[in-house]
Amino acid sequence: MALIVQKFGGTSVGDADRIRAVADHIARTRRQGNDVVAVVSAMGKSTDDLLRLAGAVCSTTPPPREMDMLLTSGERISMSLLCMALADLGVPAASFTGSQAGIITDNEHTRAKILEIRPDRLSAAIAEGMVPVVAGFQGMSTDRDITTLGRGGSDVTAVALGAALGADVCEIYTDVTGVFSADPRVVPTAKRLAHISFDEMNEMAATGGRVLMLRSVEFARSHHVPLHVRSSFTWEPGTWVVEEDESMEQAIVSAVTHDTSEAKVTVAGVPDRPGIAAHLFRALADRAVNVDMIVQNTSANGTTDISFTVPRVDLAAAVEVAESLRAELGFVEVTSDSSIARLSVIGAGMKSHPGVTATMFETLASLGVNIEMISTSSIRISCVVDEAVVEDAMRAVHAAYGLG
Ligand code: ADP
Ligand code: ASP
Ligand code: MG
């Protein structure tokens, strides 16, 4: 008998029919002799609706504590409805908020991290033959306030519960049949991958492949939780995220991702002397601005330009921080561009194959796409390009690597 954590995303519990279909699937999984713990997201796009409501009553940034109280209500709706649907099928179930499930987080409202899980109530419910249905994306802080784990955070809830309960597998049910070689909504020829390594999945999640939240992948890897991404519409087997097997031949390129959530800041005419970058990036870190790619030009006449990317939501803060240092650092100006996109290709086999980068650059050149920034890891190449061309570029790069 296996213990299976099944997480259902927003579309999977989007209306009453979907919730009944999910209850059916849980009942079937139990009939096959398994114990099930369910984790649910808020129905459909209801988290976005709640965010809009908050914006409508508050013209400044809403108090983060109240934002979390508001946002966690979405998952409470789906967890109780799913328990009702299970009751209708004669399956004993009980819903638990993150706090009731023993998920203890730090005090960083709207992006809290899980510190500890005390799953005794869930274990007791399982022992009594029940299905615990847990509200995803939330916990209780060490200050005993309600917190959320960041957008897409139900994936983290599921993986963390899988680890805490020693589950045999954590199944992530969503609206696509697995992890594809590119977002199938952008690249119609994308193929589902039967397996993907944790390394590759990590790079995908970090560069815009939103099918799994980044922290859930890191957590699954460090706690050895087998992950299976699959569809709640067809229920067919999906993609297994696995530890890389050295005996396996690695695909040179497995996937192409794109991310339009970042913006670029350029600090121009910076004196080229030691300590300038340290000063600038320390000041950004102190404002909790997360800097991603950084490029510094070779200097001409003793000055240089430094460009870096930040999340678009942090752009105003980043520009403000840079501007505040203008006199002190003696640079000429700060400019920014919020219509950039990052296009990445990912593949574990890249490590041992030369020429992978050239194919990407040649493909972009043939489309007349200008590359604004470049960064690489041993299994990834990323280029910053104009947001307006990124989807076409993605389809071309996907084809150039023969992924379709
Ligand atoms: P859920 O609400 O179930 O958590 P998400 O919207 O967070 O679902 O994630 C699923 C979506 O991720 C898919 O609908 C798909 O458009 C998108 N996606 C982006 N990149 C990929 C990829 N490489 N493979 C599969 N899906 C992807
Ligand atoms: N409902 C939350 C969100 O939309 C959490 C999740 O779905 O994982 O981000
Ligand atoms: Mg998601």
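The values are calculated or read from the model by the stated rules, or taken from the named source; none is laboratory data. Small disclaimer: the values here were computed from a predicted structure and weren't measured. Neighbour counts are summed over all protein chains in view; Cβ atoms, including those assigned to glycine, are modelled from backbone coordinates with ideal geometry. Ligands, DNA and RNA are stripped out before the accessible areas are found, and what is left, the full protein with its side chains, is counted by its heavy atoms. Shrake-Rupley method; radii C 1.70, N 1.55, O 1.52, S 1.80 Å.
Projected onto their three principal axes, the Cα atoms of segment 224-302 cover extents of 60, 31, 24 Å, largest first. Considering only 349, 150, 275, the mean-square fluctuation computed in a Gaussian network model of the chain, springs between alpha carbons under 10 angstrom, is largest for 275. Legend: residues 328, 171, 387, 128, sorted from most to least accessible area (1.4 Å probe; ligands, DNA and RNA excluded), read 128, 328, 387, 171. Evaluated at q = 0.19, 0.20, 0.22, 0.28 Å⁻¹, a Debye calculation over the C-alpha positions of segment 86-149 (equal weights, vacuum) places log10 I(q)/I(0) at -0.67, -0.71, -0.80, -1.06. Whole-percent P(r), segment 1-116, all Cα pairs, 10 Å bins from 0: 13, 39, 31, 14, 3, 0. Relative to the current alpha-carbon distance between residue 223 and residue 351, full extension at 0.36 nm per residue lengthens the span by 43.5 nm. Subtracting the Cα-Cα distance of residue 189 and residue 49 from 0.36 nm times their residue separation leaves 47.2 nm of extension gain.
Helix 154-165 versus the longest principal axis of the chain: what is the Cα-based angle in degrees, 0 to 90, to the nearest 10? Roughly 60 degrees, rounded to the nearest 10. Whole-Hz Karplus values for segment 291-302 come out as 8, 9, 7, 9, 10, 10, 6, 5, 7, 10, 6, x Hz, taken residue by residue from phi with 6.51 cos²θ - 1.76 cosθ + 1.60 and θ = phi - 60°; glycine and proline positions read x. Solvent-accessible area per residue in segment 29-150 equals 47 Å², computed with a 1.4 angstrom probe and all protein chains kept. Over the C-alpha trace of segment 144-300, radius of gyration and Dmax come out as 19.4, 59 angstrom. The modelled label-to-label distance between residue 361 and residue 66, using points 7 Å beyond Cα along the C-beta direction, is 5.3 nm. Overall, the ratio between the Cα radius of gyration of the chain and 2.2 N^0.38 Å, rounded to two decimals, is 1.06. At 222 nm, what value in deg cm²/dmol follows for the chain if DSSP H runs of at least 4 each add -39500 (n - 2.57) and the sum is divided by all its residues, to the nearest 500? It lands at -10500 deg cm²/dmol. Taking each residue as 0.36 nm, the span from residue 300 to residue 28 lengthens on full extension beyond its C-alpha to C-alpha distance by 91.1 nm.
How large is Rg/Rh for segment 105-189, to two decimals, with Cα atoms and a Kirkwood Rh?
1.06
Quick check on the chain: of the DSSP beta bridges with both residues there, what percent are antiparallel, nearest 5%? Here the antiparallel bridges make up roughly 60 percent for the chain. Label-to-label distance for residue 113 and residue 286 is 2.2 nm, based on points extended 7 Å past Cα in the beta-carbon direction.
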